[in-house]
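Okay, so here's the structure we're looking at.
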Amino acid sequence: MITPENSTELPSVVIPHVNSPDHLTPSRGLTRLAGLLKYGALLIAFAYIGLYLVLAWLRARYPFDLEWMEGGSVEHVRRLLVGQQLYVAPSLDFIPYPYPPFYYYVSAVAARLFGLTVGTLRLVSITASLISFSTMFFLVKRETNDVFAASMATGLFAATFRIGGAWFDIARVDSLFLMLMLVGLYIVRFHGTYPALVSAGLLFSLAILTKQTALVMTSALICGLAIMDLRKALIVVVVVGVAAGGATLAAQDASGGWYKYYVFDHPRQFALKIVRSNIASFWSEDMLSHLGIAFGLAVAGIAGVAALSRRRGLFYFLVTSGMLLGAWLPRIQSAAYENTLMPAHAAICISCGIGLHQVMRYSRRWPRHDGVVVAVAVYSLCLLQFGALYYSPRKQIPTDRDVSAGRALVSRLEQIEGRLYMPYHVGCYVPELFERCRSAHQMTMQDIFRYGSDEARMSLEADYRKALEEGRYSTVVMDVAGNSFQPEFERRYEKQQLELGDPFALWTLTGYRTRPAFIFLTKPNRGEP
């Protein structure tokens, strides 16, 4: 029993043992290992960012399809440049993609400056992705005052390039939409002035007018902002309502009602009919199997922020949940590709960077030896996470044989007179012959036939049969999959196998894997002498 008289002996017995250098001071080797692991992780983070820059540069110059719907984006922009509407009744000439139009307007401005090519549209996406990288870095840096954590978050997001569909630089809407969301998030988190909040509301509005899922994410973000400051949230709500709502009503009126059909009604019907039976695969396969370590650090990040400020923790929880939900809802559709995961990846990487900082901050409160052990463990986990995201850069780059096969096909098509019908690769293969090869994309026609309204389906089928009867196209180029009208083509045209010189050439590198397979030429008139 310790009495007042002998209690003074307790420190002399216990403290020398606890404070002994062997117990508290980490070995020199362990300290060096922690440093090597830290800077090794940092080096890999920068390597992934550099790798993306190299890939983006090499892929931007490729004149053909990296992904089979890129050409349709080019056709959208061409229509804007010549003053044609996007949201019109479906026909063989054109069916719009089921997205709002802002990406195409931005790309039209770029096309005015640099020319209308698929490379120009990719430049828009590349620029947007680099702004997203920068915004993510500065957001985590501002939140944590930790350059290492910010660099790791940014490098981790760059490393998700392949599991996100290799989509950062594709001529599609996703990179621009994500950039607008992230910049808006940064503004509402760190700037509370009236002009800043109006700017954020406009950015969220433009994100919604680029891709509809931004509406889900914006709603969650506004809820998080309301917890922080209700006045700020109301300002953003008003701006989004006026800007996004007003633009939607204007587009609906200008299109004679077709805008709402393509952007809201048709995607909803499409989604209801093709939802996956296993909706949990998003969490088990898409998230945890690829980003399990980052996910754990993200949880730690949100919990750590909540421990410092409950409101700020709820803000990040709702923002992250909204971006996860915005990725999960489209991903549960059986036809959805990996690009839908990009917002979820961004949210996890931001929270992961914050979590990395929080874990290391707490570890500094422990005895030095234990803190270094934690550092070694955390940096090792970072390296393991980067390793889990490794992909082959070579497989993301078109080869010389792809370019040669594409040019040979273009050369052959240029020698054929009359209109060309090439629904799988609209706008990419024959950029010099836009007027001769304009058509709706195979994907949009397929969606109308399978899931469209009766009015849209009947309108498209009537135009299809009319085109066949009047011989509207002198030549048809079809991919391996063909389409439901291919038997009609085979009766009316002479079918030939396309020889591209290499069975592995000209395949798309991401999304639906396809390439041209058959050419249908007008049959000679056997009645002529």
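Every number in this text was worked out from the coordinates using simple rules, so none of it is lab data. Here the structure is a predicted model, which means the values were calculated and not measured. Cβ: placed from backbone, ideal geometry, glycine included. Neighbour counts: every protein chain shown.
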Arranged from highest to lowest average of other beta-carbon atoms within 10 Å per residue, in what order do the peptides 176-189, 412-425 appear?
176-189, 412-425
Which angle from 0 to 90°, rounded to the nearest 10, does the C-alpha axis of helix 118-144 make with the longest principal axis of the chain?
10
Estimated FRET transfer efficiency when R0 is 22 angstrom, pair residue 454-residue 264 (beta carbons, to 0.05)
0.80
Quick check: pseudo-label points 7 Å beyond the Cα along Cα→Cβ at residue 415 and residue 134, how many nm apart are they?
4.8
For the chain, compute the number of Lys pairs whose alpha carbons are separated by less than 25 Å, excluding pairs fewer than 8 positions apart on the same chain.
9
Compute the FRET efficiency between residue 373 and residue 145 as 1/(1 + (r/R0)^6), taking r as their Cβ-Cβ distance and R0 = 22 Å, and round to the nearest 0.05.
0.35
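So what is the diffusion coefficient of the range 399-522 in µm² per second by Stokes-Einstein at 4 °C and 1.567 mPa s, using a Kirkwood Rh over Cα pairs?
Working: Rh = 15.2 Å.
Stokes-Einstein gives a translational diffusion coefficient of 85 µm²/s.
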Return the sequence-ordered ³J(HN,Hα) values of the range 103-112 in whole Hz as given by the Karplus equation 6.51 cos²θ - 1.76 cosθ + 1.60 applied to θ = phi - 60°, using x for Gly and Pro.
4, 6, 5, 4, 5, 5, 4, 4, 5, 4
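Taking neighbour counts of Cβ atoms within 10 Å as a proxy for exposure, in what order, fewest first, do 65, 229 appear? Could you put the intermediate results ahead of the total?
Numbers: 65 31, 229 15.
With the fewest neighbours first, 65, 229 line up as 229, 65.
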In whole Hz, what ³J(HN,Hα) sequence does the range 291-298 give by Karplus (6.51, -1.76, 1.60; θ = phi - 60°), x for Gly and Pro?
10, x, 5, 4, 4, x, 5, 5
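Let's test the formula: R0 of 60 Å, r as the Cβ-Cβ distance of residue 380 and residue 521. What FRET efficiency results, to the nearest 0.05?
Values: r = 62 Å, r/R0 = 1.03.
Working from the Cβ atoms, E equals 0.45.
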Per DSSP, the loop-located trypsin sites (Lys or Arg not before Pro) within the range 43-140 having at most 14 other beta carbons within 10 Å are 61
Describe numerically, in nm with one decimal, the distance between label points set 7 Å from Cα along Cα→Cβ at residue 407 and at residue 311.
6.3
Can you run phi through the Karplus equation (6.51, -1.76, 1.60; θ = phi - 60°) for the range 60-67 and list ³J(HN,Hα) in whole Hz, with x for Gly and Pro?
4, 7, 5, x, 10, 6, 7, 9
Any idea what diffusion coefficient the range 49-104 gets from Stokes-Einstein, in µm²/s, Kirkwood Rh on alpha carbon pairs, 25 °C, 0.890 mPa s?
186
What is the distance, in nm, between label points placed 7 Å from the Cα along the Cα-to-Cβ direction at residue 432 and at residue 480?
3.0
Using only Cα atoms, tell me the angle between helix 70-81 and the longest principal axis of the chain; keep it within 0 to 90° and round to the nearest 10.
70
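How would 232, 260, 211 line up from fewest to most surrounding beta-carbon atoms within 10 angstrom? Let's see the in-between values first.
Working: 232 20, 260 15, 211 27.
The order, fewest Cβ neighbours first, is 260, 232, 211.
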